[in-house]
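The values are calculated or read from the model by the stated rules, or taken from the named source; none is laboratory data. In this text the structure is predicted, and so the values were computed from the model without any measurement. With ideal geometry, Cβ positions are generated from the backbone for all residues, glycine too; neighbour counts draw on all protein chains shown.
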Amino acid sequence: MSLRVAAAARAIAILSLLAGAALLPAAAEGATAAPGDRGSAVRASPARVAIQELLDRRSTAVATRDRQAFLSTIEDSSPAFVRRQRRLFDAMGGIDFDGYELRARWGRYGDLVRPSDRRRYPGASSVSIPLTEERYRIAGFDAEDAAEDLFYTFVERDGRWLIAEDTDLDDIALFSARHLWDQGRLTSESSEHFLQLEHPCDGSDCLELSGDFLALAERGVARVEAYWDGPWRKNTLVLVPGSTKELARMLQATIDLDNFVAFAYSTVDVENSFDYTGHRILLNPKAFQVESEDQVFTILAHELLHIATRDAAGPFMPVFVDEGFAEITAYDGDPEALAFFVAEQAAGNFDGKLPKDFEFNTGEGTDIYMSYQEAQSAVKFFTDEWGLATFNDFYRTLGAVDLAPGTTRYHLDRALNESTGLGYAEFQKQWASSINGL
Ligand SMILES: [Zn+2]
């Protein structure tokens, strides 16, 4: 049996965000701020004003497709960076942006520049690395801004600021976002709800999706509607990186991606109450290659369920609830869907415990798969006992808790109690008993 595990990138996206936040002292709020950087009444320094003006010129160049103006915002000290920037601008021509904006957010981390960064730019009179927020919408797909973090190095020479690099903080894991369009030109296919973007095949090792791929995705929308009764924006981008390496860089993933075939990815808009925006499905081209049409459909339905529920999910949603919900939606009562779990239980390998968040992305492929199976079983137990509508309500109740005191277990306990009359421990016990036939 070839293992296949589909995962949500939400946890990954949040992890990388928190890792960055934990790494650095909170920036001094109330320090000088660039125009538009909310929360500060202090007048911006001339340097910060100049940097924001540079970013504004760059944003306008993207919007007006002005290659010369775009390239005039970068320094030519690094030939590799200049090459990447040319490639980026050219590939962005294939994207229909409905809004594009760059903002230096000095209030997030302050100025991250270190003496070692300054030494990379001899002769510069000043070097700064604030967090640069990229906000953009793709026409017809993004109802709200997708928001990504960039770490441009701004260098001042002769009174003029330019962008010299975007990888200087890689060594402390503050990576600039990488889009599919960072890696070069794209081709697109579309259907009623989907836009599929990938690099043109160069004849070597690229993923050939079947011609029915978007038809399967459209069927996935109908499947999700049978399981999730909340509103959701069905227009979704499907991004197909050229390699697992490109995928890993886009996700900023530190886990082994070989076990995973697809990811539901959302950006986190920290300027707007940590909203999830910019929903995309990313495929792992290597893992996707061997999937049958049925499996592709299952994967798409799974990821679409994540996208459908994302706006209702909150910081206290345990991974087993999300993954279990996605799996019951994808498998839709298929009696074979829990075959692995049944065999493991029969072999005495079921510990009766609901899987913890970390068990979905670390460890051996079989262990990860067992966590998905347990999650599917637990959510199926919930819907069998209390109904799908009650599960939908439970999901919304738990997801509505936002920036509240208390642990995930506490909020899960409360929401479960409200919907089923059982707390976490009792729910776990009854589920395990139903499996063990006790
Ligand atoms: Zn998933």
Checked against (1) surrounded by 19 or more Cβ atoms within 10 Å (Cβ to Cβ); (2) at pLDDT below 95; (3) charged (D, E, K, R), ASP367 satisfies every condition except (1)
Residues of segment 336-363 being within 23 Å of GLU303 (Cβ to Cβ) and either away from the ligand (no atom under 13 Å from the Cβ) or outside the structural domain of LEU388 (by TED's automatic domain parsing) (or both), which ones? GLU336, ALA337, LEU338, ALA339, PHE340, PHE341, LEU354, LYS356, PHE358, GLU359, THR362, GLY363
Look at LYS245 and say whether it is over 22 Å from ARG105 (Cβ atoms) and part of a loop (DSSP other than H, G, I, E, B). no
Looking for something in the same structural domain as ILE307 (by TED's automatic domain parsing) and acidic (Asp, Glu) - is there at least one such residue anywhere in segment 159-169? no
Among the residues of segment 233-282, which ones are under 11 Å from the mean Cα position of the chain (by Cα), within 16 Å of the ligand (Cβ to nearest atom) and more than 18 Å from LEU186 (Cα to Cα)? LEU251, ALA253, PHE263, ALA264, TYR265, SER266, TYR276, HIS279
Hits in segment 46-78 - residues which are within 30 Å of the chain's Cα centre (by Cα), among the hydroxyl-bearing types (Ser, Thr, Tyr) and surrounded by 14 or more Cβ atoms within 10 Å (Cβ to Cβ): SER59, THR60, THR73, SER78
Can you find even one residue in segment 315-327 that is assigned to a loop (DSSP other than H, G, I, E, B), away from the ligand (no atom under 16 Å from the Cβ) and buried (at least 19 other Cβ atoms within 10 Å of the Cβ)? yes
Return yes or no: is VAL342 over 23 Å from ARG219 (Cα atoms) and either in contact with a Phe, Trp or Tyr (Cβ under 8 Å, 6 or more places away or on another chain) or among the aromatic types (Phe, Trp, Tyr) (or both)? no
Any hit, segment 96-112, residues being of a type in the set (Lys, Arg), farther than 14 Å from ASP166 by Cα, assigned by TED's automatic domain parsing to the domain that holds ARG160 and part of a loop (DSSP other than H, G, I, E, B): no
Return the residues of segment 273-287 that are small (Gly, Ala, Ser) and part of a strand (DSSP E or B); say none if nothing qualifies. GLY278
